[in-house]
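Below is one structure, written out as structure tokens; comments come after it.
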Amino acid sequence: MTLPPPIPAHRQTPAGWWCRHWRWAMPLTVVLVLGGAGGVVTWSVLRWSEAARESPPMREALRRAGCSIELVEAFGEPLHIESMPLGSMQTAINGQRDVGLTVALEGPHAHGRLFVKGTRSDDVWDYPVMYVLGENKQTFDLTALDDDEAAQECELQACRERGECPLTAAL
């Protein structure tokens with residue numbers, strides 16, 4: 001009787017990279033994924049904030065705020081926005097655009113909230129809501145009957161040119 005061939009010895013395969021390094025690779029992977037997701041969210045919010053600040057309704061509202069004699073008397077000059085705008089910006093397939101924003105408006109003497117709602121239809125903007133609510137609940141209405149005409153004029157500048165502005169608005 002012949003003996004069977006010997007059983008081959010079990011060769012130990014070397015452990016793979018993941019088996020050797022999982023203790024530090026797993027937390028690093030989680031941190032990188034969470035950091036990447038946080039970076040994408042932060043970038044998206046900053047881009048939206050920039051688009052909101054540069055939108056035609058926000059630019060027009062800030063221009064009108066800077067041209068309002070009563071608002072400049074109460075808030076002082078220069079007027080600027082400090083915080084990120086809150087609200088919504090929507091564009092329809094037909095090109096109509098609706099923008100509703102609110103932002104903190106600050107001047108040297110006071111601060112308040114600027115509210116603006118704009119609707120673009122056929123490349124013409126209409127602003128049904130545009131006002132500033134001061135810290136003492138005083139309201140400064142910035143709407144106009146004719147938005148095209150209002151975009152061409154500045155009440156404060158005209159007052160300064162005539163020399164009729166109160167001393168606080170002429171600074």
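The values are calculated or read from the model by the stated rules, or taken from the named source; none is laboratory data. Just so we're clear, the structure is a prediction, and the values are computed from it rather than from any experiment. Glycine also receives a Cβ, built like all others from the backbone with ideal geometry; neighbour counts cover every protein chain displayed. Accessible surface areas use protein heavy atoms only, side chains included; no ligands, DNA or RNA. Shrake-Rupley method; radii C 1.70, N 1.55, O 1.52, S 1.80 Å.
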Pairs where the first residue, in region 117-144, is of a type in the set (Asp, Glu) and the second is in a loop (DSSP other than H, G, I, E, B), C-beta under 9 Å, 6+ apart: 122/95; 122/96; 123/95; 135/110; 141/68
Residues of region 24-42 satisfying the condition of being under 17 Å from the mean Cα position of the chain (by Cα) and either open to solvent by 70 Å² or more (accessible area, probe 1.4 Å) or under 30 Å from residue 159 (Cα atoms) (or both): 40, 41, 42
Residue check, residue 71 of a type outside the set (Lys, Arg), under 23 Å from residue 160 (Cβ atoms), in contact (Cβ under 8 Å) with a residue 40 or more places away in the chain and not in a loop (DSSP other than H, G, I, E, B): yes
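Out of the residues in region 87-112 that are more than 21 Å from residue 138 (Cβ to Cβ) and outside any strand (DSSP E or B), which is least open to solvent (accessible area, probe 1.4 Å)?
95
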Residue in region 139-147 that is in a strand (DSSP E or B) and surrounded by 15 or more Cβ atoms within 10 Å (Cβ to Cβ) present: yes
Meets criteria (assigned to a loop (DSSP other than H, G, I, E, B) and within 18 Å of the chain's Cα centre (by Cα)) for residue 84: yes
Hits in region 113-134 (condition: open to solvent by 20 Å² or more (accessible area, probe 1.4 Å) and either touching a His at 6+ places or on another chain (Cβ under 9 Å) or not in a strand (DSSP E or B) (or both)): 122, 123
Residue check for residue 32: of a type in the set (A, V, I, L, M) and modelled with pLDDT under 90: no
Enumeration of residues in region 64-87 that are of a type in the set (Asp, Glu) and farther than 14 Å from residue 103 by Cβ: 70, 73, 77
Residue within region 47-68 that is of a type in the set (Phe, Trp, Tyr) and either assigned to a loop (DSSP other than H, G, I, E, B) or farther than 23 Å from residue 155 by Cα (or both) present: yes
Count of region 43-68 residues which are surrounded by fewer than 17 Cβ atoms within 10 Å (Cβ to Cβ) and without any contact (Cβ under 8 Å) to a residue 60 or more places away in the chain: 12
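Of these, 153, 77, 161, which one is open to solvent by less than 80 Å² (accessible area, probe 1.4 Å) and of a type in the set (Asp, Glu)? Steps first, answer last, please.
Details: 153 fails: open to solvent by less than 80 Å² (accessible area, probe 1.4 Å); 161 fails: open to solvent by less than 80 Å² (accessible area, probe 1.4 Å).
Of 153, 77, 161, the one residue that is open to solvent by less than 80 Å² (accessible area, probe 1.4 Å) and of a type in the set (Asp, Glu) is 77.
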